[in-house]
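Q: Got a structure for you, questions after.
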């Protein structure tokens, strides 16, 4: 199948993602240096918050959304052996999302949208920011439609066959995103845009935060699922092995989608608008969602062990040394899993209803978030890019050695950056502040950690530069053509048939609807039922 258009579609999305990533990294190192106070000449509260807000949006929304869309398009066409359905529709989604990014960037860069990336009133951004963010989400819905249409087309043509695992997971991610983006879409369309336009004087911040909690945690799994697809479907093949269990992998993806949605309240444990019982319900659900993470850890490590044994590894741990550590994608997964273990521990603290109080709104939170997102997730995006780039450009990777250096540098830099953040959180340093110097002994104890963080941030910026340089040189170099294709791992025990609940999502969408009704039904309805002495949740 000639898939030149599909390659261009994927590559265009990837480049938007990595350009956003590069800009965000530069802003990130500025923030670390500025808030430390070591260079007074660059200190500016206005610039700091504009930079922080832009950094968060570029990383959490632009990088992820465009990367996931590009990745999904090429996974769909290579696993299903089908062209992208309605290419005009797919490109329309790309341009709608890109227009949204441009519109949101204007108020972000001018300081008119310094609200971070959490959409929490009473902080108000310029209406262009909210319209741009809405268009970014709407463009991503085009992608969701594309993925689900291709998924249904293939199932109709192959009614008795299991959907290829990578496509099954991609469809799961599209379904997850459609469910989870509803919360922020409702908040922006019915509260924030009318408020920013001056159509209404005020809105209910409690309802806004509840709606954003609908989106805020499941979006993490939207970001993470492409990394899990690489864990299960790409790395075992590159390592020289097989998937330990196709069925367990499908169960993990289903559990991620089902249980990641109704658990957002651990982000608002300290907020007064929700009762203790509802927060405890979400806390229990948050611990339940660790189950698919443990399943994934077991399954993918077992897949690596199979590869290591096939490569000649002996004794209890000899298989680890037998893995191809010089393969960028394999190395990426190993480093990603190490950061998942470290960051996952912090996540259990955040999810605990009691222990969350100790770290709430401290530097611990960005430390945890960067380790899970910038560490576990984004490093897998790098590995995927190194594997996909030669296929998409038709040229061999410019430098495998440079790729390995870049991956190790990112891992080392991320550990150096985030470890002090965790310690500073336990020492009481607050988050979301532009200066950490209060002229007292407490802040003197913070200074060594601030210096360490700057060092880690510089390593990360250098690593980001190496990534973009390697990808650009690959695409621009006039070398001999590369004719390889993406290879997907096979399970060690071939799957011939599957029960419907492991090969489709009809049942699981009903389960999700029930869970969401229980988890968010009354917590949202209460804002319309309680006596508010003349005000209303929407502000009308």
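Q: May I ask you to derive the relative contact order of the stretch 108-196, considering only C-alpha pairs under 8 Å and at least 6 residues apart, and to give it as an integer percent? Please list the in-between numbers first.
A: Numbers: 45 pairs, mean separation 32.9, N = 89.
Relative contact order here is 37 percent.
Q: Hey, another quick one. What does the highest-first list of 421-431, 268-278 look like by mean Cβ count within 10 Å? Could the numbers behind the result be given before it?
A: Numbers: 421-431: 19.0, 268-278: 14.4.
The densest-packed peptide leads the list: 421-431, 268-278.
Q: Alpha carbon centre of the stretch 472-528 versus the stretch 1-23: separation in Å?
A: 20
Q: For the residues 415, 101, what sequence is obtained by ranking on other C-beta atoms within 10 Å, fewest first?
A: On the way: 415 17, 101 22.
Ranking 415, 101 by Cβ neighbours within 10 Å, fewest first, gives 415, 101.
Q: P(r) of the stretch 130-272 in 5 Å steps, Cα pairs, percent per bin?
A: Over the stretch 130-272, the share of Cα pairs per 5 Å bin runs 2, 9, 15, 17, 17, 14, 10, 7, 5, 3, 1, 0, 0 percent.
Q: Helix-only estimate, please: 222 nm mean residue ellipticity of the chain, summing -39500 (n - 2.57) across DSSP H runs of length 4 or more and dividing by its residues, to the nearest 500. Spell out each step's value before the answer.
A: On the way: 21 runs with 363 residues, N = 540.
Taking each H run of at least 4 residues, the total per residue is -22500 deg cm²/dmol.
Q: Taking the inverse of the average 1/r across all pairs of different Cα atoms in the stretch 32-81, what Kirkwood radius in Å do you get? Could you put the intermediate results ahead of the total?
A: Working: mean 1/r = 0.0742 Å⁻¹.
Result for the stretch 32-81 stands at 13.5 Å.
Q: Zone of residue 91 (label point 7 Å along Cα→Cβ, backbone N under 15 Å): which residues in the stretch 7-26?
A: Zone members listed by number: 7-13.
Q: Sort 41-52, 106-117, 172-183, 478-489 for me by packing, meaning the mean count of neighbouring Cβ atoms within 10 Å per residue, highest on top.
A: Packing proxy ranking, top to bottom: 172-183, 106-117, 41-52, 478-489.
Q: I want to check the label-to-label distance for residue 354 and residue 435. Put each point 7 Å from Cα in the C-beta direction and report it in nm to one decimal.
A: Result for the modelled spin labels: 3.9 nm.
Q: Can I ask one more? Only Cα pairs under 8 Å and at least 6 apart count here; give the relative contact order of the stretch 4-529 as a rounded whole percent.
A: Working: 796 pairs, mean separation 89.2, N = 526.
It rounds to 17 percent for the stretch 4-529.
Q: Let me ask another. Let me make sure I get this right: for the stretch 470-527, a, b and c are the square roots of the gyration tensor eigenvalues over alpha carbons, sorted descending. Under 1.5 in a/c it's rounded, otherwise prolate if a/b > b/c, else oblate. Which is it?
A: Details: a/c = 6.07, a/b = 1.77, b/c = 3.43.
Taking the square roots of the gyration eigenvalues as a ≥ b ≥ c, the stretch 470-527 is oblate.
Q: Give the order of 452, 64 when sorted by the count of other beta carbons within 10 angstrom, beginning with the fewest.
A: Fewest to most other Cβ atoms nearby, the residues stand as 452, 64.
Q: Using only the Cα atoms of the stretch 4-529, build the gyration tensor, take square roots of its eigenvalues as a ≥ b ≥ c, and label the shape rounded, prolate or oblate: rounded if a/c is under 1.5, else prolate if a/b is larger than b/c, else oblate. Provide the component values of the computation, followed by the final result.
A: Details: a/c = 1.41, a/b = 1.21, b/c = 1.17.
Since a/c stays below 1.5, the shape of the stretch 4-529 is classed as rounded.
Q: Give me the one-decimal nm value for the distance between modelled label points at residue 201 and residue 513, 7 Å along each residue's Cα-to-Cβ direction.
A: That separation, rounded to one decimal, is 4.0 nm.
Q: OK, next. Do you know the relative contact order of the stretch 275-418, to the nearest whole percent, from alpha carbon pairs under 8 angstrom that are 6+ apart?
A: Taking the mean separation of contacting Cα pairs over the length of the stretch 275-418, I get 24 percent.
Q: Let me ask you something else. Among 23-34, 332-343, 512-523, what's the highest-first ranking by average C-beta atoms within 10 angstrom per residue?
A: Details: 23-34: 19.3, 332-343: 21.3, 512-523: 16.0.
Highest-to-lowest ranking by the protection proxy: 332-343, 23-34, 512-523.
Q: Next question, about the same structure. What is the fewest-to-most order of 87, 531 by other Cβ atoms lying within 10 Å of their Cβ?
A: Numbers: 87 15, 531 5.
Ordered from fewest to most neighbouring Cβ atoms within 10 Å, 87, 531 come out as 531, 87.
Q: How far, in nm, would the chain grow between residue 445 and residue 427 when pulled straight, counting 0.36 nm per residue and subtracting the alpha carbon separation? All intermediate terms of the calculation are to be shown ahead of the outcome.
A: Details: separation 18, 0.36 × 18 = 6.48 nm, distance 0.88 nm.
Once the chain is fully extended between residue 445 and residue 427, it gains 5.6 nm.
Q: Using a basic spin-label model with each label point 7 Å from the Cα along Cα→Cβ, how many nm lie between residue 483 and residue 152?
A: Result: 3.9 nm between the two label points.
Q: Need one word for the stretch 383-540: rounded, prolate or oblate. Basis is the Cα gyration tensor (sqrt eigenvalues a ≥ b ≥ c); a/c below 1.5 gives rounded, then a/b vs b/c decides.
A: On the way: a/c = 2.48, a/b = 1.12, b/c = 2.21.
Because a/c hits 1.5 or more and a/b fails to exceed b/c, the stretch 383-540 counts as oblate.
Taken together, the values in this text are just the output of simple stated rules run on the coordinates, not laboratory data. Predicted, not measured: the structure shown is a model, and the values here were computed from it. When we count neighbours, we look across all protein chains shown, and the Cβ atoms used for this are built from the backbone with ideal geometry, even at glycine.
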